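Following: one structure in structure tokens, then a few remarks.
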Amino acid sequence: ESTHVVVIGAGPAGLTLANLLRSAGVGCVVLERQSRSYVERRQRAGVLDHASTRVFEEWGLADAVLAGTPEDRAIEIRVDGEPHVLDLRALSGGRTGRAVPQQVIVARLMAAFQDGGGDLRFDAGEVTPHGIDGAGPTVTYRDPAGTLHEIACDYIAGCDGHHGVTRASVPAQAMTTYSYDHGIGWFTVLADAPPPRLPLFAISSHGFAAQFPRGPAACRLYLECAPDDVPDDWNDERIWKQARLRLGDDALPAGPITEKGVVEMRSFVADPMRYGRLFLVGDAAHIITPMGGKGMNLAIADADVLARALRAALHDGDEEPLAAYSATCLRKVWNQQEFSRWLTEMMHESGDAALAGSFRRQLARARLDRLFTSEPAARAVADLLAGG
Ligand code: FAS
């Protein structure tokens with residue numbers, strides 16, 4: 001069989017790209033390794049930034065994807081219990097995002113694609129790209145019955161996340177990779193406990209903490225921990241004790257903990273985000289820490305650039321946008337990587353007890369002071385949070 005584009009992976013990158021390609025009249029097939037229920041259940045990010053909402057609006061997917069999702073209009077930064085609210089809507093000139101769990105976005109994108117007749121295949125085993133450096137690549141995979149299938153295509157989109165098969169199929173010498181370990185650990189928890197009124201970042205000498213909404217009756221907690229911590233180091237009592245201590249809220253309501261994990265606070269970028277007819281999208285090309293909430297949003301931004309470029313190449317014979325794909329995406333990726341690192345330093349080093357009396361603590365505190373007292377500085381942060 002044949003199609004224009006084979007999309008490998010049905011996460012935010014693959015499903016956004018598939019929907020945009022369908023809107024652009026470009027035929028594609030999506031191959032997903034996991035089952036539908038696994039993909040629908042996976043809980044991760046929780047914020048669509050303004051730039052991502054614009055992508056869905058511009059492609060006519062606003063109703064399908066954004067309907068009923070609450071506006072993400074402000075954040076609170078609490079320093080030793082002292083609240084500071086950043087009114088992102090005012091500071092960014094109205095460019096607010098939406099507070100919506102990633103699995104809701106994924107489910108809505110899946111429905112939009114399939115309702116429109118899109119070809120999305122789950123439980124695809126041994127997905128393998130072939131001939132990616134030639135003019136006629138193919139992708140093989142096994143269906144649940146074990147039958148081997150081959151799809152001829154013009155292009156392959158690697159949307160298979162950080163541990164997928166596509167980046168691994170690029171010769172090492174054809175790509176430069178950048179990796180950074182932030183040297184901190186984040187213990188993350190999903191709990192059926194009341195979400196905070198605003199996304200909350202808390203700075204304290206007990207360590208950094210954050211609490212974000214994940215729908216109307218759940219929240220995600222991040223608690224700074226030792227980089228080598230494991231989930232079993234944290235029982236429910238320690239979790240809620242540390243959360244109350246660091247958030248400065250003795251009355252913080254608890255609730256059943258539904259997921260625990262330690263986030264790898266690492267960043268990664270592959271350059272270029274393409275090899276021949278293979279284009280890498282989202283986490284397949286780059287990973288960023290949850291600080292700043294940009295992982296899913298960068299995946300959506302990449303998908304928007306690639307969909308426009310594939311439409312130009314396949315409909316107008318214009319290969320220029322495809323040639324510029326990687327550089328266009330990487331400019332935004334590096335800008336957001338720098339912002340995420342800046343936020344991470346500010347939020348951790350301004351509270352870290354081990355840094356008390358140090359030059360770095362003073363720098364981090366100066367960043368906070370500038371953010372709270374200088375409007376241009378606050379507008380710059382609001383612009384980056386909007387996905388600028
Ligand atoms: P994904 O990893 O989401 O999707 C890749 C898809 O490809 C998966 O469905 C996978 O099954 C499939 N796949 C893999 N290998 C395959 C193969 N060989 N063949 C076929 N299919 C294959 N980001 C934020 O912005 N904010 C957050 O708060 C946040 N929290 C996170 C918490 C956790 C625990 C994790 C792990 C990530 C978090 N992220 C967060 C980042 C996350 O949201 C990613 O950036 C986002 O899922 C990227 O989307 P994709 O690029 O589509 O990759």
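The values are calculated or read from the model by the stated rules, or taken from the named source; none is laboratory data. Since we're looking at a predicted model, the values are computed, not measured. All Cβ positions, even for glycine, are placed from backbone atoms using ideal geometry, and neighbour counts span all protein chains on display. When the accessible area is computed, the model is the full protein with side chains, heavy atoms only, and any ligands, DNA or RNA have been set aside. Shrake-Rupley method; radii C 1.70, N 1.55, O 1.52, S 1.80 Å.
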*Per the Cauchy relation, a quarter of the hull surface: what is the mean projected area of the convex hull of the alpha carbons in the stretch 137-231, in nm²?*
11.4
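Under the rule of -39500 (n - 2.57) per DSSP H run of 4 or more residues, summed and divided by the residues of the chain, what mean residue ellipticity at 222 nm is obtained, to the nearest 500 deg cm²/dmol? Write out the running numbers ahead of the final one.
Details: 11 runs with 140 residues, N = 388.
About -11500 deg cm²/dmol.
In the chain, what percentage of the DSSP-assigned beta bridges are antiparallel, given to the nearest 5? Mind showing how you got there, number by number?
Numbers: 50 of 69 bridges.
In the chain, approximately 70 percent of DSSP beta bridges are antiparallel ones.
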*Percent of Cα-Cα pairs per 5 Å bin, from 0 to the last occupied bin, for the stretch 1-114, please list those.*
2, 11, 19, 19, 16, 13, 8, 6, 4, 2, 1, 0, 0
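Roughly how big is the stretch 245-348's charge dipole about its Cα centre, with Cβ charges of +1 (Lys, Arg) and -1 (Asp, Glu), in debye to the nearest 20?
Numbers: 11 positive and 14 negative charges, 22 e Å.
Dipole magnitude for the stretch 245-348 comes out near 100 debye.
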*Using the charge dipole of the chain (Lys, Arg: +1 at Cβ; Asp, Glu: -1 at Cβ; taken about the Cα centre), state which of LEU190, ALA303, ALA313 has its Cα farthest towards the positive end.*
LEU190
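When the Cα atoms of the stretch 266-388 are enclosed in a convex hull and the volume is divided per residue, what value in Å³ results? Before the final figure, lay out each step's value.
Working: hull volume 13.4 nm³, N = 123.
About 109 Å³ per residue, rounded to a whole number.
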*asked:* As an exercise, find the ratio Rg/Rh for the chain from alpha-carbon atoms, using the Kirkwood inverse-distance average for Rh.
replied: 0.98
*Relative to the longest principal Cα axis of the chain, at what angle does helix 320-349 sit, 0 to 90 degrees, rounded to 10?*
20
*Scaled to the compact-protein estimate 2.2 N^0.38 Å, what is the alpha-carbon radius of gyration of the stretch 139-182, rounded to two decimal places?*
1.56
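Per residue, how many Å² of accessible area does the chain show with a 1.4 Å probe? Please list the in-between numbers first.
Values: 16010 Å² over 388 residues.
On a per-residue basis, 41 Å².
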_LYS332 accessible area, 1.4 Å probe, all protein chains in place, Å² to nearest 10_ = 60
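Could the peptides 276-285, 313-322 be put in order, highest first, of the mean number of other beta-carbon atoms found within 10 Å of their residues? Don't skip to the answer; put the middle values down first.
Numbers: 276-285: 27.1, 313-322: 13.9.
The densest-packed peptide leads the list: 276-285, 313-322.
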*Work out the charge dipole of the chain with +1 on the Cβ of Lys and Arg and -1 on the Cβ of Asp and Glu about the Cα centre, then indicate which of HIS163, GLY94, PHE339 is farthest towards its positive end.*
GLY94
*Using the C-alpha atoms of the stretch 36-80, what convex hull volume per residue, in cubic angstrom, is computed?*
120
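Net charge within 12 Å of ALA324 by Cβ-Cβ distance, Lys/Arg positive one each and Asp/Glu negative one each, not counting ALA324 itself? Don't jump to the answer; show the numbers that get you there.
Details: positive: ARG274, ARG308, ARG331; negative: ASP318, GLU319, GLU320.
That works out to 0.
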*What are the residues whose amide H is under 5 Å from the amide H of GLY97, where those residues sit 5 or more places off or on another chain and H is modelled from the backbone?*
HIS50, ASP72
*asked:* For TRP186, what residues show an amide H to amide H distance below 5 Å, using hydrogens built from the backbone and excluding near sequence neighbours?
replied: CYS225, VAL263, MET265
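Add +1 for every Lys or Arg and -1 for every Asp or Glu among the other residues with Cβ under 11 Å from the Cβ of PRO195, and state the total.
Numbers: positive: ARG197, ARG214, ARG220; negative: ASP192.
In short, +2.
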*Hey, what do the phi angles of the stretch 116-133 turn into as Karplus ³J(HN,Hα) couplings, whole Hz, using 6.51/-1.76/1.60 and θ = phi - 60°, x for Gly and Pro?*
x, x, x, 9, 10, 10, 8, 6, 8, x, 6, 4, 9, x, 10, x, 5, 9
*Sequence-distant residues sharing a close amide H with THR258 (under 5 Å, placed H)*: LEU190, ALA191, ASP192
*At a 1.4 Å probe radius, carbon and sulfur cover how many percent of the accessible area of the stretch 218-276?*
49
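Please sort 196-206, 302-312 by packing, taking for each peptide the average over its residues of neighbouring beta carbons within 10 angstrom, highest first.
Sorting 196-206, 302-312 by mean packing, highest first, produces 302-312, 196-206.
For the stretch 248-317, state the average projected area of the convex hull of the C-alpha atoms over all orientations, rounded to one decimal in nm².
Working: hull surface 31.1 nm².
In nm², the orientation-averaged hull projection of the stretch 248-317 is 7.8.
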*Over the chain, what is the mean sequence separation of C-alpha contacts under 8 Å (at least six apart), divided by residue count, expressed as relative contact order in percent?*
20
*For the stretch 306-374, convex hull of alpha carbons as volume per residue, Å³*: 113
*Among ILE105, GLY136, HIS149, flag the residue with its Cα farthest along the positive direction of the charge dipole of the stretch 99-156, charges on Cβ as +1 for Lys/Arg and -1 for Asp/Glu.*
ILE105
*How far is helix 375-385 tilted off the main Cα axis of the chain, in degrees rounded to 10, range 0 to 90?*
40
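Leaving out ligands, DNA and RNA, and with a 1.4 Å probe, what % of the accessible surface on the stretch 61-182 is carbon or sulfur?
Values: 2750 of 5560 Å².
Answer for the stretch 61-182: carbon and sulfur cover 49 percent of the accessible area.
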*Principal-axis tilt of helix 12-23 within the chain, Cα atoms, nearest 10 degrees*: 50
